[in-house]
Amino acid sequence: MKLPDLDVLMSNLKETIVVQAETLYLLGGADKGSKLVEELTGVAGVDCLPTDCFGSAEALEQIDLQPLAITRHVQELYATLASCSTGYGPGSDAFDSDWIKQEHLDFIELYLAGLATVALGGLDWTGCINGAVKDLFLRGRAWHHLLEGINAVLWGKADDAFLTPIDLSFIAGIDERSLRNSVGPTRSVRTIEHKAVPGLRVAGRAFVAVNSLDAMAWLRSRKSFQIGPVRHGIVQQRLNNISDLQTRARAALMGAYLTGETQKTLESALGVNELAIRKISDGEADHHLAENLISLVMEKDTEGSSKPSSALSKG
């Protein structure tokens with residue numbers, strides 16, 4: 001995933017702080033407003049609209065971000081995404097699909113939504129709302145949607161696991177238009193129309209969704225994609241909670257992708273072709289193949305196991 005430059009991100013955060021400071025200055029009036037701006041920015045003596053007062057790069061540099069909670073949320077979200085974490089922040093090998101949303105995304109979304117969109121000073125700062133902080137938020141939200149999709153499949157709910165094309169483009173670090181050759185109803189990353197599946201979780205996010213298993217297979221085919229690591233035993237624990245063979249095989253397929261397999265390595269290990277893997281994804285796998293895949297994933301996820309996929313009997 002391509003993230004904004006960290007210096008650019010912090011500079012944009014300061015710009016949004018100025019917009020927030022302007023609201024406080026106007027709400028408090030000249031005396032009280034100046035004190036509120038000082039509390040927020042760490043800069044004393046602001047006696048005019050903050051967007052005018054902080055108009056130069058030198059003045060903007062004076063803002064002290066460190067005491068602010070929003071700074072921690074932005075920096076920790078950046079570090080979490082940079083480490084491709086699936087759990088509780090950078091370096092965590094746990095798997096928790098909602099942590100990133102509850103800990104950072106909700107807070108940043110609320111902060112961005114509260115910024116004024118009306119320019120009152122001599123300079124219009126409202127464009128900063130769509131800068132690097134929002135870009136980081138959108139990429140973080142896409143990562144959260146990917147983790148949600150993985151989690152749904154691992155809990156046996158593959159039919160509820162979807163991303164949007166824009167999610168996929170953010171995660172892959174490419175323009176959405178570049179996905180056109182890979183995304184479509186009959187292409188490697190299959191799409192569905194929301195109208196055909198009413199009530200889906202993604203209904204409010206876009207008009208078209210993509211299958212999470214297809215998305216993970218496609219992402220794993222890209223050398224630049226990284227995720228994890230995920231603690232040994234987590235995938236196995238999820239599989240043990242699923243009784244239906246086809247549902248369990250779909251969860252195992254996601255577990256394989258999550259723990260480093262690609263579609264090509266699975267085809268080689270299982271002695272099958274792309275169509276057979278697609279049938280697993282659709283819940284239509286040959287029973288023997290489904291059992292072989294589950295055995296492969298369970299064995300690989302056992303703590304301390306280093307047996308390569310190619311060692312699995314192709315039976």
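The values are calculated or read from the model by the stated rules, or taken from the named source; none is laboratory data. Note that the structure is a prediction, hence the values are computed from the model and not measured. Cβ: placed from backbone, ideal geometry, glycine included. Neighbour counts: every protein chain shown.
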* Asked: Is it the case that segment 16-36 has a residue that's touching an Asp or Glu at 6+ places or on another chain (Cβ under 9 Å), within 19 Å of GLY122 (Cβ to Cβ), loosely packed, with under 14 Cβ neighbours inside 10 Å and not β-branched (Val, Ile, Thr)?
  -> yes
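Right, PRO50: surrounded by 14 or more Cβ atoms within 10 Å (Cβ to Cβ) and either closer than 30 Å to MET216 by Cβ or among the acidic types (Asp, Glu) (or both) or not?
Considered against the rule, which asks whether it is surrounded by 14 or more Cβ atoms within 10 Å (Cβ to Cβ) and either closer than 30 Å to MET216 by Cβ or among the acidic types (Asp, Glu) (or both), PRO50 comes out as no.
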* Taking into account only those residues within segment 219-231 that are assigned to a loop (DSSP other than H, G, I, E, B) and surrounded by 20 or more Cβ atoms within 10 Å (Cβ to Cβ), which is modelled with the lowest pLDDT? -> VAL230
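Mind counting the residues in segment 262-315 that are basic (Lys, Arg), loosely packed, with under 14 Cβ neighbours inside 10 Å and at pLDDT 95 or above?
Kept after step one, since they are basic (Lys, Arg), are these residues of segment 262-315: 264, 278-279, 300, 307, 314.
Next cut, loosely packed, with under 14 Cβ neighbours inside 10 Å only: 264, 307, 314.
Right, trim to at pLDDT 95 or above and you get 264.
Qualifying residue count, segment 262-315: 1.
Can you tell me which of SER188, SER169, SER178 is over 24 Å from THR259 (Cβ atoms) and modelled with pLDDT under 90? Before the answer, list the steps.
Details: SER188 fails: over 24 Å from THR259 (Cβ atoms); SER169 fails: modelled with pLDDT under 90.
Being over 24 Å from THR259 (Cβ atoms) and modelled with pLDDT under 90 holds for just one of SER188, SER169, SER178, which is SER178.
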